[in-house]
1. Among (1) part of a helix (DSSP H, G or I); (2) surrounded by fewer than 13 Cβ atoms within 10 Å (Cβ to Cβ), where does A:Cys624 come up short?
2. Which fully enclosed helices (runs of 4 or more DSSP H) of the stretch A:532-621 have 3 or more residues being within 14 Å of another protein chain (Cβ to nearest Cβ)?
3. In contact (Cβ under 8 Å) with a residue 40 or more places away in the chain and in a helix (DSSP H, G or I), is that true of B:Val143?
4. Residues in the stretch B:124-131: is at least one within 14 Å of chain A (Cβ to nearest Cβ) and not β-branched (Val, Ile, Thr)?
5. Find all pairs meeting these conditions: Cβ atoms under 8 angstrom apart; at least six residues apart or on different chains; first residue within the stretch A:456-480 and closer than 16 Å to A:Leu294 by Cβ; second residue modelled with pLDDT of 85 or more and of a type in the set (Asp, Glu).
6. For A:Val224, state whether it is open to solvent by 10 Å² or more (accessible area, probe 1.4 Å), in contact (Cβ under 8 Å) with a residue 24 or more places away in the chain and part of a helix (DSSP H, G or I).
7. From the set of residues in the stretch A:588-634 that are charged (D, E, K, R) and within 46 Å of the chain's Cα centre (by Cα), which is farthest from A:Met131 (Cα to Cα)?
Amino acid sequence: MVAAGLLGAVAGVVAMTGTAWSVALPGLLPLTGLEFDVDPLSGVFLAVGGAVAVAAGIFAVGATRHGLDRPGVQAALPAFIGSLLLVPAAGSIGTLLWCWELMALTSLVLVVAEHRERPAVASAGLWYAVMTHVGFVAIMVGMLVAAGPAEDGSFVAVRAGAADLSPAAASLAFLVCLAGFGSKAGMVPLHPWLPRAHPEAPSHVSALMSAAMVNLGVYGVVRVGIDLLGGGPSWWWVTVLVLGAVSAVYGILQAAVGSDLKRLLGYSTTENMGLVLVAVGACGMFAAGGDRALAGLALTAALLHLMTHAAFKTVLFLSAGSVLHATGSRDLDALGGLRSRMPVTTAAFGVGALSASALPPGAAFVSEWLLLQALIHGLPAPGVVPAVVLPLGVAAIALTAGLAVATFVKAFGIGFLGRPRSGAAAAATESGPAMLAGIGLAALACVALAVGPTVVLPTLADIAGGLVHAAPAVTGTVAIELVGVTGVLSPLLLVAASAVGTASVVGGVRLLARRRDRRRARLWDCGAGPLSARMEYTATSFAEPLQRVFDGVLASEQDVDVSHHRESRYLVAAVSYRRALPDRVERRLYTPLLHAMTTWGRVGRGLATGSVHRYLGYGFVTLCGLLALLVVTR
Amino acid sequence: MDPAAMSPPAVALLDVAAGALLLTAVLVVWRRDLPTILRIFTAHGIALGALVGVLAWAQRSVELGLVAVGVLAVRGGLLPWLLRRALARVGPARREPRPVVGVAASLLAVAALVMLAFAVAVPVVELGGSAATRAVPVAVAVVLIGLLVLVTRRHTISQLVGFLLVDNGITAAGFLTTAGIGLVVEVGVALDVLLVVLVLQVLAGRIRDTFGEVDLGELRELRDR
């Protein structure tokens with residue numbers, strides 16, 4: 001697995017620098033054959049997927065040693081990694097669909113791996129199986145429509161034939177593909193499988209799914225929309241941008257109020273893919289409006305954010321796996337106090353959380369800064385729609401960034417700092433060296449992307465520029481300089497400045513503290529007895545203000561039960577508080593849909609009465625009907 | 001040789017054989033007592049053999065002549081004999097128990113099916129223009145009538161007859177559209193059909209042992225609960 005990941009990463013890096021290669025194996029599969037064609041865009045996704053696979057593979061070695069993996073997982077994991085690397089390398093529609101389906105099936109096997117332990121796994125597996133296959137059908141339909149005028153299914157032919165596609169057919173192909181790929185990327189409202197399946201899978205599988213697999217949804221949108229169909233009208237991309245913005249805000253909002261660590265990370269994936277889709281949508285919109293330089297900048301931001309997200313999401317999910325292994329719990333309200341018992345995991349999660357919260361020394365800051373630059377510089381663009389959508393996009397990104405900070409402060413502060421809130425958390429022990437090595441590798445990647453994004457940025461800008469036929473939008477070796485619009489940022493300087501700033505503040509406070517005489521005394525506890533873990537902030541209480549503010553969107557269900565003493569109703573015996581946060585999109589959209597499907601199925605059951613003659617008759621009548629149709633329509 | 005260049009007497013004979021094929025198929029739908037149905041079915045097999053024989057004579061093909069003899073032996077001799085044995089074994093019920101669709105309605109349906117077959121086969125007829133291709137609609141009609149028998153009859157022997165009608169129709173269509181399918185293929189198909197009939201014969205015996213009668217309507221287990 002590690003070797004395969006390494007191979008993929010190296011192949012991707014090689015391809016990113018411009019060395020395209022292709023392989024055709026026509027006889028390997030019936031009907032379509034296999035055709036691989038790696039260009040720079042594929043290279044980005046190959047490199048990211050390969051790198052995630054290396055870290056997750058090393059982690060998996062440790063997980064296997066601890067007996068966390070079953071033979072089924074060990075068999076399916078390499079196949080999953082292989083398909084993950086083959087999807088972006090596919091050079092024809094048939095190959096892409098084969099690899100996509102292989103990826104869906106192997107990941108499904110991995111998601112349901114622990115179905116004996118928890119009943120929720122089976123339900124998550126069902127959601128994932130249905131949604132991924134409906135998505136597959138959508139992609140297949142969309143790609144077949146797109147390939148209508150092409151001579152064969154290879155991407156070269158489809159690209160050449162796209163000019164003959166009628167605008168209506170092209171729009172249909174794009175929208176159906178967007179639905180299919182978007183559901184893989186966790187785009188609202190096609191996201192409900194993601195916060196179910198990602199938490200229920202074993203943690204290294206969660207990392208692979210959340211950091212590498214969802215990227216391929218974005219890959220599909222870029223490949224089909226920008227590359228194969230050659231851009232298209234502005235409203236396609238406005239749709240992508242709006243859906244991306246909604247996903248980003250909705251995802252991070254759910255993450256901010258959730259208290260299940262892995263579910264929180266899953267919703268955060270929806271958020272980050274939403275941001276990437278905002279960038280992709282902005283790129284398409286600018287390209288359709290003729291502003292190639294800004295289009296290149298937006299796409300560069302999208303690719304960089306994909307990379308960054310892959311790095312920090314790998315760290316976060318693998319650390320969550322390490323915590324889960326040590327404490328047996330994903331519930332933030334039962335964790336805490338892990339800093340002294342699991343120092344390496346805590347440090348790695350801290351790095352990941354910092355990267356994820358889009359604050360200056362973190363890795364995501366650079367990509368979000370690039371995205372904001374693209375959107376802000378696009379504001380003078382002509383037309384009513386951009387004038388409305390772009391400011392809203394900027395606002396959505398700002399809101400997302402703020403909520404992300406709150407989310408990850410909660411995840412890190414409640415989950416790792418403070419006092420342990422349960423016996424399991426108090427007895428936690430650090431994970432083994434292999435697991436820590438996997439986490440550490442990914443954390444190193446986070447730090448590297450935060451300090452030196454300029455190492456990869458010019459290459460990404462080259463690739464993005466090549467796709468939208470523009471000059472690279474970003475240059476610079478130490479400082480990032482935007483081309484075409486004004487904007488300079490030096491990540492290295494920023495990291496150094498914030499490091500110096502933090503060090504001076506901490507040092508200053510220490511210095512001041514040392515000057516005064518310190519007196520050791522018991523912390524004042526209002527006279528209510530010794531402080532205990534029950535008095536700490538929990539994830540639920542931390543998120544309560546946010547939940548109050550956004551209650552109109554979240555529609556939480558709370559229940560406060562106060563029971564009184566028998567002697568006096570002025571004396572409270574116990575207070576119980578229950579809160580449920582149902583996914584509102586799911587409840588409003590999917591519950592009626594599922595209900596309708598069930599009814600339809602029950603009605604359909606009436607067709608099968610058991611009579612052999614009736615079954616024969618169905619076939620006979622259908623045949624006669626078809627023949628009659630043939631006669632009439634000929 | 002060119003099949004379009006068929007001599008007038010051969011064309012007349014071909015038309016007679018095709019007509020007999022269709023007529024016997026319609027008669028199967030009309031009658032309800034099983035021994036008569038089997039006699040009509042024998043005539044149907046002979047008509048099919050004759051059809052192939054006429055084609056062999058028109059094309060002066062010895063191989064096709066051999067195939068015609070084989071078809072005659074299997075479809076006009078062996079299969080009806082097997083069916084008669086099966087009928088003797090399944091018991092005294094010699095009449096089709098009330099069909100799913102009444103005889104009059106069935107005959108009307110047959111008329112509609114024949115028209116449908118002729119309408120569907122128009123492109124094929126336009127393609128060739130020879131006497132053999134002009135007879136293709138008859139073969140299609142026989143297939144459809146066989147399916148109708150399968151759908152509307154309850155007795156297992158009637159079901160077998162319906163299945164064999166479908167197969168005879170397919171065979172006829174094969175011979176009429178191509179200039180002979182080839183001995184090996186035809187022998188293979190004949191063996192397959194023979195096997196199917198033997199299996200179904202056993203199945204009919206088992207149905208009778210289990211339910212005491214041979215009505216397919218008794219098989220109602222195959223459904224959602």
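1. Against the list (1) part of a helix (DSSP H, G or I); (2) surrounded by fewer than 13 Cβ atoms within 10 Å (Cβ to Cβ), A:Cys624 comes up short only on (2).
2. Values: elements: A:539-549, A:551-554, A:591-605.
Answer list for the stretch A:532-621: A:591-605.
3. Numbers: in contact (Cβ under 8 Å) with a residue 40 or more places away in the chain: no; in a helix (DSSP H, G or I): yes.
Considered against the rule, which asks whether it is in contact (Cβ under 8 Å) with a residue 40 or more places away in the chain and in a helix (DSSP H, G or I), B:Val143 comes out as no.
4. yes
5. Final answer for the pair search is A:Leu467/A:Asp227; A:Pro472/A:Asp462.
6. no
7. Among residues in the stretch A:588-634 that are charged (D, E, K, R) and within 46 Å of the chain's Cα centre (by Cα), the one farthest from A:Met131 (Cα to Cα) is A:Arg605.
Conditions tested, residue by residue: (1) touching a strand residue (DSSP E or B) at 6+ places or on another chain (Cβ under 8 Å); (2) modelled with pLDDT under 85.
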| site | (1), (2) |
| --- | --- |
| B:Leu116 | no, no |
| B:Leu147 | no, no |
| B:Arg154 | yes, yes |
| B:Gly169 | no, no |
| B:Ala179 | no, yes |
| B:Leu191 | no, yes |
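The values are calculated or read from the model by the stated rules, or taken from the named source; none is laboratory data. In this text the structure is predicted, and so the values were computed from the model without any measurement. Cβ atoms come from the backbone with ideal geometry, glycine included; neighbour counts cover every protein chain shown. All accessible areas refer to the heavy atoms of the entire protein, side chains included, with ligands and DNA or RNA removed. Shrake-Rupley method; radii C 1.70, N 1.55, O 1.52, S 1.80 Å.
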